[in-house]
Amino acid sequence: MFSSTTLTTKTITATGYTLSGLIYGTKVTNIYNSAGVLLEQDFFATSSSMYKYIPMADGSEERQLYLSGREYSVDTYSATNKLLSTKLFATDGVTVKETDIFHYTSKGLIDDKVRYDAAGKYIEKIADVYNSNNTLNKLVHTDVTGHVTQMDYYNNGVLDHTTMNPVFTGDPMTPYVPVVAPVFAGWSGIDGYGNINILKALSSETGKTVVDVPAPAKSGWGITSAHFDDAWAAGYNGKGIVIAEIDTGIDLKNVALTTNLSKWNWNFLTGTANVQDDNGHGSFVAGEMIAKDVGNGIVGAANGA
């Protein structure tokens, strides 16, 4: 609220610059006080999403995101453009449902993110681990007991795969002992009732015999062991099939995922067609299903779908 001063606005049409130096082709509205000091900068990213950039006296900055007229998140950046904290709001646009605090290494890289719930109670810590060249190697999720619950592994800055550990709910002083999987007839704790075999599945479904062919060079073990490469050689790569994934969205900047992206996309949280992934999980799952090989050797099982 700026009730104690006279405000003036100036709208920049065509290309505008935000406080952070980003260029947008939409209208950018600047709000000044009577002394000509910039108080706020507003722009619409889409017809239903708006950003507010608010400079602070110490050189820091708040970046507020509004979706369909409701406040969705507030990011606080330092004077050196480091993300310090994020507040996520409930669907009412008022109630804070989560607060994330970021810490940095001496090299200016994110060291960890600590998450707190609506009541300010500690949820988990997510630590960033880097390679020798300072690229992200993995994210380590730790719960309130210090138990590692999840590991996210990255390859050249892109999420490669995730491993999950059971949540430990016992006495934190008691050594964690993994639960031994039960053994049933014909079942093992390593591969269940056996590894997936696309050849057998296709032969059963089509009534035809799909043959095993030599694997292409540089094929991943997961692709060849399940015989996806044989299905592709036989003409089965998902072409003509639409796969619906309900998840955290998809990375719209990743051409490996968007080459065959359907136009029937919807964001059920915001009520818009903007399905940009805000977590990474949705893109990871989509990659397993439909990723096109764009030169990095990563390809999805049904890359024609």
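First measure r as the distance between the Cβ atoms of residue 281 and residue 81, then evaluate 1/(1 + (r/R0)^6) with R0 = 35 Å and state the FRET efficiency to the nearest 0.05. E(calc), rounded to 0.05, equals 0.85. Phi-derived couplings, Karplus 6.51 cos²θ - 1.76 cosθ + 1.60 at θ = phi - 60°, listed residue by residue for region 199-212: 4, 5, 5, 5, 4, 5, 6, 9, x, 10, 8, 9, 8, 8 Hz, with x used for Gly and Pro. Distances longer than 18 Å among the Cα atoms of region 253-303: what percent of all pairs is that? Tail of P(r) above 18 Å: 30 percent of Cα pairs.
The amide H of residue 98, built 1.01 Å from its N in the peptide plane, has 88 as neighbours under 5 Å, considering only residues 5 or more places off or on other chains. Here, region 69-115 yields an orientationally averaged convex hull projection of 3.7 nm² when only Cα atoms define the hull. Computed from backbone phi, the HN-Hα couplings of region 69-84 come to x, 10, 5, 9, 7, 10, 9, 10, 10, 6, 5, 9, 6, 9, 5, 9 Hz, rounded to whole numbers (Karplus: 6.51 cos²θ - 1.76 cosθ + 1.60, θ = phi - 60°; Gly and Pro given as x).
Taking θ as phi - 60° and the Karplus parameters 6.51, -1.76 and 1.60, the scalar couplings of region 109-125 work out to 8, 4, 8, 6, 10, 10, 9, 10, 7, 4, 8, x, 7, 4, 9, 6, 10 Hz in sequence order, x denoting glycine and proline.
Remark: for residue pairs 113/263; 97/263; 82/121; 200/263; 113/292; 87/263, the C-alpha separation exceeds 27 Å in 113/263; 97/263; 200/263; 113/292; 87/263. Taking only the C-alpha atoms of region 27-168, Rg followed by Dmax gives 18.0, 58 Å. The separation of region 128-153 from region 267-305, counted between C-alpha centres, amounts to 22 Å. Sorted on the mean count of surrounding Cβ atoms within 10 Å across their residues, most packed first, peptides 64-70, 192-198 read 64-70, 192-198. In this structure, the amide hydrogen of residue 84, modeled 1.01 Å from its nitrogen in the peptide plane, lies closer than 5 angstrom to those of 76, 77, 78, counting only residues at least 5 positions away or on a different chain. Taking label points 7 Å from Cα along the Cα-to-Cβ direction, residue 129 and residue 70 give a separation of 3.8 nm.
Length gained on full extension, residue 247 to residue 161: 29.4 nm, using 0.36 nm per residue less the C-alpha separation.
FYI, it's all coordinate maths here, none of it is from the lab. Keep in mind the model is a prediction, meaning the values are calculated, not measured. Every residue, glycine among them, receives a Cβ derived from its backbone with ideal geometry; neighbour counts consider all protein chains shown.
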